[in-house]
1. Could you list, in sequence order, the residues of the range 13-33 that are over 19 Å from Gly91 (Cα atoms), of a type outside the set (S, T, N, Q) and either open to solvent by less than 10 Å² (accessible area, probe 1.4 Å) or within 14 Å of the chain's Cα centre (by Cα) (or both)?
2. What are the pairs with Cβ atoms under 8 angstrom where one residue, in the range 3-23, is under 17 Å from Gly65 (Cα atoms) and the other, located anywhere, is at pLDDT 95 or above and of a type in the set (D, E, K, R)? Sequence gap at least six, or different chains.
3. Can you give me the number of residues within the range 63-103 that are in a loop (DSSP other than H, G, I, E, B) and either surrounded by 13 or more Cβ atoms within 10 Å (Cβ to Cβ) or in contact with a strand residue (DSSP E or B) (Cβ under 8 Å, 6 or more places away or on another chain) (or both)?
4. Name the residue that is farthest from Asp72 (Cα to Cα), counting only residues in the range 34-55 that are more than 14 Å from the chain's Cα centre (by Cα) and among the charged types (D, E, K, R).
5. Residue check: is Tyr37 within 23 Å of Asp53 (Cα to Cα), in a loop (DSSP other than H, G, I, E, B) and either in contact with a strand residue (DSSP E or B) (Cβ under 6 Å, 6 or more places away or on another chain) or open to solvent by 20 Å² or more (accessible area, probe 1.4 Å) (or both)?
Amino acid sequence: QEHLVESGGGLVQAGGSLRLSCVVSGSIFRYNTMAWYRQTLRNERELVAAVRDGALISDSDSVKGRFTISRDDAKDTVYLQMNSLKPEDTGVYYCNTFPVTLSYWGQGTQVTVSS
């Protein structure tokens, strides 16, 4: 059964760090560019960053220099290292393909940054 399982979110103070993980079904992971998205209270779901073959494909201007996306092909897992977090980074973070080709999303992981 295909799946996307995000984890690693939590409550952190501004300036802190979190590392998100997303375990992906192998059938999805191996043939796709993978990405992290987020949904905040103000915005629709937006792309945070995407990675393919170890190379960054795209990232949002709002996270440049602070967030790093990576993938471990042996573990079918994509990561998002988030540093220097800001209150505006608060939201639910999801992983999916880039562009989105799946008809479903995982449950996401909540990130809350306090000021």
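1. Result: Val23, Val24, Ile28, Phe29.
2. Ala14/Lys86; Leu20/Glu6
3. Within the range 63-103, the first condition is being in a loop (DSSP other than H, G, I, E, B), and the residues that meet it are 63-66, 73-76, 83-86, 90, 98-103.
Narrowing further to those that are either surrounded by 13 or more Cβ atoms within 10 Å (Cβ to Cβ) or in contact with a strand residue (DSSP E or B) (Cβ under 8 Å, 6 or more places away or on another chain) (or both): 63, 66, 75-76, 83-86, 90, 98, 100, 102.
Number of matching residues: 12.
4. Within the range 34-55, the first condition is being more than 14 Å from the chain's Cα centre (by Cα), and the residues that meet it are 41-44, 53-55.
Checking the rest, the ones that are also among the charged types (D, E, K, R) come to 42, 44, 53.
On the way: Arg42: 32, Glu44: 28, Asp53: 10 Å.
Ranking the qualifying residues of the range 34-55, first place goes to Arg42.
5. On the way: within 23 Å of Asp53 (Cα to Cα): yes; in a loop (DSSP other than H, G, I, E, B): no; either in contact with a strand residue (DSSP E or B) (Cβ under 6 Å, 6 or more places away or on another chain) or open to solvent by 20 Å² or more (accessible area, probe 1.4 Å) (or both): yes.
Against the criterion (within 23 Å of Asp53 (Cα to Cα), in a loop (DSSP other than H, G, I, E, B) and either in contact with a strand residue (DSSP E or B) (Cβ under 6 Å, 6 or more places away or on another chain) or open to solvent by 20 Å² or more (accessible area, probe 1.4 Å) (or both)), Tyr37 does not qualify.
The values are calculated or read from the model by the stated rules, or taken from the named source; none is laboratory data. What you see is a predicted model, and the numbers here were worked out from it, not measured in a lab. For neighbour counting, all protein chains shown are included, and Cβ atoms are generated from backbone atoms with ideal geometry for every residue, glycine included. Please note that ligands, DNA and RNA were not included when accessible areas were found on the heavy atoms of the full protein model with its side chains. Shrake-Rupley method; radii C 1.70, N 1.55, O 1.52, S 1.80 Å.
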